[in-house]
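Here's the structure, in structure tokens; my notes come after.
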Amino acid sequence: MSIYADTSFLVSAYVKDAHAAQVDELLKLHPRFWFTPLHQAEWTHALAQHMFRRMMNDADAAEVDRQLEADKVGGVWIKTAIPEQAFDLCAELARRHGPKLGMRTLDSLHVACALELKAGKFWTFDERQAKLAKAEGMKTQ
């Protein structure tokens, strides 16, 4: 497995948005991705934000959550721990790239996880994460 998809990609795979068609095409190319506790935390917050903004109701959120769980059981999302050195690398990325790119902690933590997992590609719809991943030599979609 050489592609790390961040939570923006994950959410677009289940909550149909402006990126849904692109995600569907990319999923056909590589249907397996890492799923860390960071993904789980951000997924849960994303669904809560959609409900808060009245973009989905409880039943909709429960359904997309059920779909994600089914795909985890089916092997699309492979449960993995946050790599041990990811937080140290996250801090190092902030030192090296933060003054120029202005990324946030979670941006650099996702990229650090991808680097520690030896991903060659980083799929995201977050501009800051994409810039950081490129700065570290990763390909983005």
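Taking H placed 1.01 Å from N in the peptide plane, check which residues at least 5 places from F35 or on another chain put their amide H under 5 Å from its amide H.
Long-range HN contacts for F35: I78, K79, T80.
Using the count of nearby Cβ atoms within 10 Å as a rough guide to exposure, how do S2, S8, S108 rank from fewest to most?
Fewest to most other Cβ atoms nearby, the residues stand as S2, S8, S108.
Kirkwood-based Rg over Rh for segment 30-77 (C-alpha set), two decimals?
1.01
Any idea how many Lys pairs in segment 1-107 come in under 30 angstrom at the alpha carbon, given 8 or more places apart or on separate chains?
5
Regarding segment 59-141, what is the average projected area of its C-alpha convex hull, in nm²?
Answer in nm², one decimal: 6.3.
Given the C-alpha atoms of segment 3-140, compute the convex hull and give its volume per residue in Å³.
In segment 3-140, the Cα hull volume divided by residue count equals 102 Å³.
Determine the distance separating the Cα centre of segment 72-141 from the Cα centre of segment 35-49; give it in Å without decimals.
Computed from Cα coordinates, the inter-centre distance equals 16 Å.
When the Karplus curve 6.51 cos²θ - 1.76 cosθ + 1.60 is applied with θ = phi - 60°, which whole-Hz ³J(HN,Hα) does each residue of segment 120-136 get, with x for Gly and Pro?
Listing the rounded values in order: x, 10, 10, 9, 7, 10, 8, 4, 5, 5, 4, 4, 5, 4, 5, 4, 9 Hz.
Tell me, what HN-Hα J-couplings in whole Hz come from the Karplus equation 6.51 cos²θ - 1.76 cosθ + 1.60 at θ = phi - 60° for each residue of segment 59-76, using x for Gly and Pro?
Couplings: 5, 4, 4, 5, 5, 5, 5, 5, 4, 4, 4, 5, 6, 5, 5, x, x, 5 Hz.
Round to the nearest 10 and give me the degree value, 0 to 90, for the angle of helix 20-29's Cα axis relative to the longest principal axis of the chain.
70 degrees
What residue among T105, T7, L132 has its Cα farthest toward the positive end of the dipole of the chain, where the charges are +1 on Lys, Arg and -1 on Asp, Glu, each on the Cβ?
Working it through, the farthest residue towards the positive pole turns out to be L132.
In degrees between 0 and 90, to the nearest 10, how far off the longest principal axis of the chain does helix 37-52 point, with axes built from Cα atoms?
That works out to roughly 50 degrees.
Can you tell me the relative contact order of segment 3-140? Whole percent, Cα pairs under 8 Å, sequence separation 6 or more.
31 percent
Quick one: of the DSSP bridges fully inside the chain, what percent are antiparallel, nearest 5?
Roughly 0 percent of the DSSP beta bridges within the chain come out antiparallel.
What is the Å³ per residue value for the convex hull set by the Cα atoms of segment 1-51?
66 Å³
Tell me, what HN-Hα J-couplings in whole Hz come from the Karplus equation 6.51 cos²θ - 1.76 cosθ + 1.60 at θ = phi - 60° for each residue of segment 87-102, using x for Gly and Pro?
5, 5, 5, 4, 5, 5, 4, 5, 5, 6, 10, x, x, 9, 9, x
A short reminder: the numbers here are calculations on the coordinates, not readings from a lab. Nothing here was measured: the structure is a model prediction, and the numbers come from that model. With ideal geometry, Cβ positions are generated from the backbone for all residues, glycine too; neighbour counts draw on all protein chains shown.
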